[in-house]
Amino acid sequence: MSVDVPRKRNRQVFVCDGCRAKKTKCDKSNPCSSCVKLGFECTYTTAATRRSRLKSASSRASVYPRNEHNVAEVIPSLNTEIEVLKSKVRMLESSQSQKDSGLRSPTSDKSTSSPDNIQESISECLNDLENETIKFNGDYNVPDGESGKAPLIFQQPLQFQILSKADPGARLFWKFKAIPVSGRANQASVITVQSTLEYNKKETEEIARKVYGEGFIPGVEQLSLKTHRQEVLKAISAYGRDWGLVFNSSNSTALMDKIIDIIPDRDVSLGLMNVFFSKLYPAFPIVDEQEYENDMERILGLSRTSPQCFAKPKLEKKSDIAALITHLLVMRLTYLSLIENDTSERENEEISILRKSPISVCTFSVVQQCMKEFDFSTRQPLPVLQAALFVRLYRKYAPEEGDGSKMCSQIFSSTLIQMAIALGLNREPDYYLCSSLSEKDKLLRRKIWYTIMSLDLYESMIYASSPIIGTFNHDVKLPMLKGDNSNLSNILLEQKVGEMFYESHLVYRLGKSLANMVSSIHTATKLSEVLGILSELEFSVAKFYGTFSDYINDSGGRGDIFKVLRFDNYLKMRSFTVYVSYCLFLHFEKKGNQKLKLHYLRKSMRAIFVEMKALTMSFVLSSSKYFSSGFSLMVTPTLELYFHMVALVCQSSRIRINCTTRELKRIPNFKEMYESNNEFRDLYNTIREAGSSLRQYTNDRIQILRSLSKRYLYSWKASKAHAFGSKLVDSNFIYEADPLAAHDAIAEYESAEIKELVRYIRACISPNESESATHPEITKAEDMQVDNMWIQLNNFVEDDDSLSAEFRGTSGEPDEDFVLGKSSGFDSAFGKFDFDLFSRPDLMEDLWTQNFSWSDFS
């Protein structure tokens, strides 16, 4: 006799999945306010469905979802996984705290300062934060002493200098800068930054002429730009050939002639295309290989079967210009990917041939001229969006561009996002225009959309601006290989690209939530929510991207482009989490919470001085030992931003240490106490040692940036800025500018806490890296050469009135949508600089005898 087992009744659900997972109160709205704030999708799932999903999730053999899974279908199960991750994060932090001697509060009872008690005390502090809130930006809008004005510098990398106004040490920089120029002219005049290194200009120039020969680049005051332009460009090409800074020798001013000049010959074009689609494509997965080749065969006559290309591009419609732009940037980016920072690396024959056929740096200026043919205020076809996205990515990665040195990235990216939405890329193609799109087209649209989303988060992290793309304005599935929908002939590579998108998206969701919190201006965020998301993000980064040591100890060797991309994602996310931890340190210091202040300072310092200690000059210049080609192109821009942030942290810390030693020396009986009081003497000596260690570590970072400055524009600017900042820290001026602020910057730590900091720093200092060259005079000559190069390039402005008619008549009459506007020429090979350095005539008159402001470059 069978017995019917009563089923559990499906009760009505009042709490959403997100609040249930976080164990927080839900306001029962749809969506609820908590999910809206965190950027999560708000879903309500019955207990039966939840049990079913958990059962299926536990039996799933692979993390990678099946093709039919939508992002929205994965999210509920992820919320459960996040809860597990939270507990693991707490365990990891507790374990790490026991390994490292924990920082102690000066006011804490020494009898209760064991690692176990410290961790327990921190946990208690975290539990007390239930109702405490934080505004990362709101409290710093009007710094003290600024007469009601906040001298914000928008669109600067990481926005660290804005938030650092809360740092008692960094504030002294801003106090000094607030003094009218006339009032600090006499003081500042003795702090001259002739270069990253100091040299006699005339003597060093003679040495440089002998060392560089035809590659010697004269200063701007020595030549007339208009009459000697070709001479200077020839010298730059001779000097910069090894790292891709080569100009065309053509004097043509017609746009079509310029295009013909920079397009490489058939063999080089096909060789670079092979490298792009077989190795570099995962970094730029926004074109279809077959469509790309068809376009180039139709426009340029570029074919694997035909030995001869067209003498002139055949542009029959407006989208052909976009396809040509894409091709030019693919050629330039692929060529740059073959050049590593270590130019002595041996290469195979194919790569050697391609490197000996440089793609001109003028490529981007020609592309910019072509881009002016499109009116971005109107709806554009998909090829135009693809071309524009390549332009944005070029600005991100190209050494002579770089997001750190261009101020228009956010504006251009917002245009891209609106173009993508206008084209419906934010809608899942299975549900939107599905009948008119092939499976290949659908996959391509998904990849383009997720590339734009990743770019949006990246900009939010480095500029501290709110992500433009919200959670509820798109429903696109993750790009996954399904059947024969591949955009590549290499099916296995396409599959790995899909796996990369899925892996990145899990971290992306958490990064976006944290970025929204950090960028909030008017809305205060619960500290408990910030700390929860930060911990989840840190654990997810470790889970999917590993740690720094994983990459340099990888038994698999150099790997492929995916190892490069994972390391780049790891570095971006860890930089962001370190940045947020430091902001939390500043917040808790302001609130007077000693335990949490020291906890988050320790997290930041441990990441910089322990986890990332192998980020040395030898690593940057010898990355080919660990990574495949493409590392320098893809990762160096991220490294530049990281070194910039670390240098800012170190400079601020050095100021605080100097303020402390200055205050101790003001004690009336200082000498007597130093000689008779062992504890006082130990504290004073430890503080001085911390300052000395930080100074050496900071100078090592400046030397890394300096070593990259001959190839990377942003490294040049950052190294100049921090060289000036370092001199200012060692002077008396910033401390005397506002004695009260200097007093507030005193560091209140115990000797044991400072010794731990010294131990961290000392472990990262390599004595052999402080001196960048064995021949100082040659090093000074190179420094002058690099200065001249970047300043000369900035001043090459030409007025080009090439007409759009250059595109017409190449193959019959253009179709009706081929309506072009007038091209107004271009500013220069690099566009105009928006930095104060180049907008102040006094600095341009004589670079080597004038003063640089830290904010001119930072």
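Nothing in this text is a laboratory measurement; each read-out follows from the coordinates by a stated rule. Here the structure is a predicted model, which is why all the values come from computation and not from measurement. Ideal geometry is used to build each Cβ from the backbone, glycine not excepted, and the neighbour counts take in all protein chains shown.
Worth a mention:
- What the Cα convex hull of region 456-545 gives, in volume per residue, is 121 Å³.
- Share of pairwise Cα separations in region 502-549, more than 12 Å, in percent: 63 percent
- Distance (nanometres) between label positions extended 7 Å along Cα→Cβ at residue 491 and residue 228: 6.2 nm
- Per-pair calculated FRET efficiency, R0 = 45 Å: residue 732 and residue 521 via Cβ, rounded to 0.05: 0.80
- In a DSSP loop and with at most 11 other Cβ atoms within 10 Å, there are no trypsin sites (Lys or Arg not before Pro) in region 625-658.
- Checking every one of the trypsin sites (Lys or Arg not before Pro) in region 498-605 against DSSP loop status and a limit of 16 other Cβ atoms within 10 Å picks out 558.
- Calculated P(r) tail over 20 Å for region 678-748, as whole % of Cα pairs: 48 percent
- Residue 466-residue 678 pseudo-label distance in nm [points 7 Å out on the Cα-to-Cβ vector]: 6.0 nm
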